[in-house]
Amino acid sequence: MIHPGVGNPEVQEIAPGVFVITKLVHFFAKIGVNAGIIHTQESVIFIDSGMSAYSGEYLWNLAKERMEGDEAIYLILTHKDTDHCFGMNEIRKHGATVIAHERAAEILQGASNLSRNLIAQRIRKKFHPEDMLGPVVLSQPDQTITGDTTLNLGDEIQLLAIPGHTPGDIAVYHPRSKVLFTGDAVLEGMDPYIRPDSLSLKTWIQNLERLKDLDIEWILPGHGALSKPDIIENNIQFLMSKQA
Ligand SMILES: [Zn+2]
């Protein structure tokens, strides 16, 4: 049985060794939160870690089923928000190198610890928070990027710096499977979420425009269903409609 602090995850293998996970627990959004796992000859790359320690543990166990044991482990955080970072320690403690945008790193620990307390307070009304969040432990990334960065981790992994939704968003593009993981820069099934700390909509839109140059088969948004690349344009149109 899956722990209630994981939600009702759905797992799809969309290319050999490339997994997308949707509907991980989200304590406020019914739509859940998403994550990805890429297995290469030499590495396992996690993209985001869910909103609870239980989600992070679930993602680790899912990947472990097909690991040989000598892979290098990476966790790429698409941005610093609680629903994508709270599971991080359950992957990091197995030796993962954590990578994030420099601006996400600046904010991650202090702001997220504050958010954790707020979330725990709100969960407490219905549940015991430790039963739902698990042992959330946040920490600074091991590596940060400020601009687009290509990594060779067995497969080529492109990290695209696309600030907008937050000051430090990263999209992850995997050329072998033509999958783009966008974090919350692109959403499906809900309008793009303009946060108090979002950058100008112009910057956000310009960064989304850059994504349209990629050869994309699938997009895994931060929330919502696995999608086709036309959702980028849908998100751009919404943001344009909100521009003053
Ligand atoms: Zn999110």
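Phi-derived couplings, Karplus 6.51 cos²θ - 1.76 cosθ + 1.60 at θ = phi - 60°, listed residue by residue for the range 40-49: 10, 4, 10, 9, 10, 10, 9, 10, 6, 9 Hz, with x used for Gly and Pro. Scalar couplings 3J(HN,Hα) for the range 160-172, obtained by applying the Karplus form with A = 6.51, B = -1.76, C = 1.60 to θ = phi - 60°, are 10, 7, 10, x, x, 4, 9, x, x, 8, 10, 9, 10 Hz; x denotes Gly and Pro.
Taking 0.36 nm per residue of separation and subtracting the Cα-Cα distance, what length does fully extending Asp213 through Val137 add?
23.7 nm
What 222 nm value per residue comes from the helices of the chain, counting each DSSP H run with n ≥ 4 as -39,500 (n - 2.57) and dividing by all residues, nearest 500 deg cm²/dmol? All intermediate terms of the calculation are to be shown ahead of the outcome.
Values: 7 runs with 72 residues, N = 244.
Rounded to the nearest 500, it is -8500 deg cm²/dmol.
Exposed loop sites here are GluC sites (Glu not before Pro) in DSSP loop states with at most 16 other C-beta atoms within 10 Å. What is the longest stretch of the chain lacking them? Please list the in-between numbers first.
Details: sites that count: Glu42, Glu65, Glu68, Glu217.
Longest site-free region, per DSSP loop and neighbour criteria: 69-216.
For the range 162-209 versus the range 25-62, the inter-centroid distance based on Cα atoms is 18 Å.
Using the crude model of +1 on Lys and Arg Cβ and -1 on Asp and Glu Cβ, and no other charge, please compute the dipole size for the range 7-242 relative to its Cα centre, in debye to 20.
Details: 21 positive and 31 negative charges, 192 e Å.
Charge dipole of the range 7-242: 920 debye, to the nearest 20.
Suppose we flag trypsin sites (Lys or Arg not before Pro) only when DSSP calls them loop and at most 15 other Cβ atoms lie within 10 Å. Which is the longest uninterrupted stretch of the chain? Within the chain, the longest run free of exposed trypsin sites (Lys or Arg not before Pro) spans 127-175. State the answer as a single residue: which of Met240, Thr40, Asn117 lies farthest towards the positive end of the charge dipole of the chain, with beta carbon charges of +1 for Lys and Arg and -1 for Asp and Glu, about the Cα centre. Sorting the options by dipole projection puts first Asn117. Toward the positive end of the charge dipole of the chain, about the Cα centre and with charges on Cβ (Lys, Arg +1; Asp, Glu -1), which of Pro16, His94, Gly189 goes farthest? It is Gly189, whose Cα lies furthest towards the positive end.
Taking a point 7 Å out from the Cα of Glu10 in the direction of its Cβ, the residues of the range 27-68 whose backbone N falls within less than 15 Å of it are 30-35.
Percent relative contact order of the range 95-244, based on C-alpha pairs within less than 8 angstrom and at least six residues apart?
Numbers: 240 pairs, mean separation 28.8, N = 150.
Answer for the range 95-244 is 19 percent.
Centre-to-centre, using Cα atoms only, the range 128-157 and the range 214-233 are separated by 21 Å.
Anything in the chain that counts as a DSSP H helix reaching 18 Å or more along its axis (C-alpha) with Kyte-Doolittle mean of at least -1.0? List them, would you?
Values: long enough: 102-124 (33 Å, -0.39); 230-242 (19 Å, -0.02).
Helices meeting the criterion: 102-124, 230-242.
No value in this document is a laboratory result; all are computed from the given coordinates. Remember, it's a predicted structure, so these values are computed and weren't measured experimentally. In this analysis, Cβ positions are derived from the backbone assuming ideal geometry, glycine residues included, and neighbour counts consider all displayed protein chains.
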